[in-house]
Each structure stands twice: as structure tokens, then as C-alpha cells.
Amino acid sequence: MNETSDRRIAVIGLGYVGLPLALALREAGLDVVGVDASPRRVAELCAGHSPIDDIDDARLAAGLAAGFQIVGPDQAGLAAVDAIFVCVPTPITRSKDPDLGPVLSAARLVRENLRDGQLVILQSTTYPGTTVGPFREELERSGLRAGDAFDLAFAPERVNPGDPASAGRSIPRLVGGTTPAATKRAAALLGHINDRVIELSSPDAAELAKLLENVFRNVNIALVNQLALLCERMGVDVWEVIDASATKPFGFMRFTPGPGVGGHCIPIDPYYLSWRAREFDFVDRFVELAGDINLAMPRHVVDLVAEALNDRGRALKGARVGVIGVAFKPNVRDPRNSPAADVMAGLNERGATVAFHDPHVPTFSAADGSSLDSTDLAELVRDSDVVVIVTPHVAVDWQLVFDGADLIVDTTDTSRGRPARPRQVLRLGAGWTIRA
């Protein structure tokens, strides 16, 4: 198994991780085939339309013109490639346990085509022990053994949706193989697209390092969310407090509160870690508590909406509530695990009539299964008794919102620097206070 011969690459899963990876490998001069289980995704990509915010159609078209192939699993031809990346989702179940269904499905696809000399790299964020445990076990049902007949490694993604640079060469990559040779081989392959590749002692270490990165963010977001709730009771502006603390040039990292956490990692990864910890008779209450705090924030937003309406002598039941922004973060079109889903479901449950506007998300489903189409912004502002800011996209006409809305619940400090009428804006973590 010679790392210098890894020229034919397959990438399984063409989402926010797999598609940038596949294009980067193709742009580095390697032969790449992208594989996705969704016929709709395959057709969309083959037509030159990118569903990923960080990959524009022009870059995709250039990759296709240069020989980047996109196929379904039946046409993958995995036996002909030298190395296979697995970049599929790792969700959680309703009971917040890891769901390795997509990972094991991809492993079965690889197993059916596995041959001597190949390199298999798992990239999906998961708990320590996945690569050397269930993923390896599924691959070895082929009769081939990792470290003997084929190489196996884990190399976590570090993509930050909405930030194309996060998938660029300058971002260091981590990799840990089941053998030192597998680690070096995977590192050499990643060296085609990353300036720095850090070799770890094992897949477990690489898996845990990735979880730490995301759990770190989740815990710190939970801290400032708790501080925001305290500041509301104390009559202190949490945003002013955070701004002040952030002036310290050492020992402090700025995190801000909000309506909850969303996306593919931050709401999910703490439960992967806590689940795995329990298998070692270790209850990670700290990590679980942080996850629970953040998951409770949408409910608090609903309470703020009720409080704002009550200030006008109105009940939440029967009120018209306009939600602005349903993507999980600003300036992207990805609604996965967005806190807006729980905010809207909570408003529905308490009898409100809900509409939303998002310039990037045309249709959205709340956590209760109800689905809505995005409403024109001017119409939303005009027809709502209260407007709730959940995701502050740059593309939103905020001047129209603050000029036209009689009542606003601001969960993201979007009102910063904007003139507001007395008791027009109720701010998460600050109450009715108006920033100087």
C-alpha cells in the first residue's frame, strides 16, 4: 500500500462536507468520483446546480468540465478507486442517542466493493470508537482486515458553513489511522489539499478532538445563554456585558446568546460524547446540561413573545407572529436543526398564527410538522402583531423592519445601533432597555 499511488478517489456523501472535499481533490489534479444516495442530489449536481452555500455553480461547473464525476451508489465503481472518503450525516435519535445508520449504510456500500490495497477514510463527526468499532466491523465483513488488506483512518471535517475559507488549504487537518502506516498514507493524501496535516495516535483521538471542538462551542454558548436569562431578571444588558468582557486581550473568547443552536454539529455532538461516556460508566453532566440549556432557548423565545404582547395588552393566543430568519445561522440557506423550528412550533402550540420570511429558505417546516412558504418581508411586517428576529441575514431589509414593525422581539441584538421607539424592542438578555 503506497500512499504516492492514491490518485483515484471516491467521496461518498456530497453535502456541505463531501462536495467541497471532492472539488478540492479534483482541483488538486486527482481523479474524483462523487457518490450520493439521493437521486435528486445527483441530478441537481450533474446539471451544474450547487445546493451548498460555499460552492457556487461556476466552481461546480469547472469541476465537472475537468472530469469530476457524480453518480449514485449503483454506478460508483468503488472497486476501481485507490481511496474512499465517507462524508455522510451523523444525526441523533429522538432519545438523543447516536444514529449511525447513514455511516453504516456507507460502510456496507464500501464493503461490497472493498479490495486489497485501498484506503478508507471516515470524515463524519462521531463518537470515539466508531472507526475502530462498528465502522471497521462492517468493512471487515468483506473478509478483508484493516491494517492488513486495507488501510483505515478517521480525518474529521472542519467546515464552517457560510465560510468558504474553512474548507481551504490553510485550515489544518487532523488524521488518525488504525496503524501508523494508515495514518501516514491518509495524511499524504490530505496533503494534496491542506498545507498542514496533523497526525494523531489513533482514530479515537481524532474523533474525540473533533467532538471537543464542537462541545467547546456548545458549552460556551450555554454559559452566555444562562447569563442572558440572569441579566433579564437583573435588568442588566447582557450584550453590553459581553462587549465589555471582550475588550480583554487575553483569557477571554467572545460568545453570544441567541434563540438556540442549530446546524449539523453543535446541537448534536454533545450527545454523541455523553452517550459514549456512559459506556465507560462516566456521566458527563456538564456536557449534557449545556446541551439541554441550549435546547431550551426556543421555549424562552416563545415566552418573550408572550411577554412583549402582554405589554400591549394582547394574548399570545390568536396573535399574528412574524418570524424573520429560519436558517440555522446567518447568510446560509441551510435550515437543519434551526431553533426557528422549535420557536414556530411553540408559537403554534400556544395558539398564535405564524408566518415567516427568509431570503434564503423558501419553504420551512416547524418542529410540529407544519410547513410554510416564506412571506414577502413588507407583508410580514405589516400583518404581524409582533415580529421575532431569529436569524439576522444581511440580505434582510432591516430598516424596513425597524421602521414598520410596532413590536419586535430581538434574539440576536440586531437592533444594535438602530433607533428604536420606547418599548418597541424587547431584547433577549436585556429586556426593554435601549442600547445607548
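The values are calculated or read from the model by the stated rules, or taken from the named source; none is laboratory data. Quick caveat, the model's predicted, so the values are computed rather than measured. Please note: Cβ atoms are built from the backbone with ideal geometry, for glycine as well, and neighbour counts cover all protein chains shown. Surface accessibility is based on the protein's heavy atoms, side chains included, excluding ligands, DNA and RNA. Shrake-Rupley method; radii C 1.70, N 1.55, O 1.52, S 1.80 Å.
Annotations
- Top-ranked residue of the range 165-221 - restricted to ones that are β-branched (Val, Ile, Thr) and in contact (Cβ under 8 Å) with a residue 40 or more places away in the chain, ranked as nearest to Ile55 (Cα to Cα): Ile193
- Residues of the range 244-269 that are of a type outside the set (A, V, I, L, M), open to solvent by 40 Å² or more (accessible area, probe 1.4 Å) and out of contact with any helix residue (DSSP H, G or I) (no Cβ under 7 Å at 6 or more places or on another chain): Ser245, Thr247, Lys248, Pro249, Phe250, Gly251.
- Residue match in the range 59-75 (condition: of a type in the set (D, E, K, R) and not in a helix (DSSP H, G or I)): no
- Residue selected from the range 3-37 under the condition part of a helix (DSSP H, G or I) and hydroxyl-bearing (Ser, Thr, Tyr), by the criterion most open to solvent (accessible area, probe 1.4 Å): Thr4
- Residue match in the range 28-42 (condition: touching a Gly at 6+ places or on another chain (Cβ under 6 Å), at pLDDT 95 or above, among the basic types (Lys, Arg) and closer than 30 Å to Ala146 by Cβ): no
- Residue list for the range 42-89, restricted to those being within 13 Å of Gly15 (Cβ to Cβ) and open to solvent by 60 Å² or more (accessible area, probe 1.4 Å): Glu44, Asp53, Pro89
- Of residues in the range 379-407 being free of Cβ contacts under 8 Å to residues at least 24 places away in the same chain and closer than 21 Å to His360 by Cα, the one surrounded by the fewest Cβ atoms within 10 Å (Cβ to Cβ): Gln399
- Only one entry in Val409, Val401, Val388 is under 19 Å from Leu347 (Cβ atoms) and assigned to a helix (DSSP H, G or I), namely Val401.
- When Val354, Val332, Val361 are checked against the criterion of being of a type outside the set (Lys, Arg), farther than 30 Å from Pro164 by Cβ and crowded, with 20+ Cβ neighbours inside 10 Å, Val354 stands alone in meeting it.
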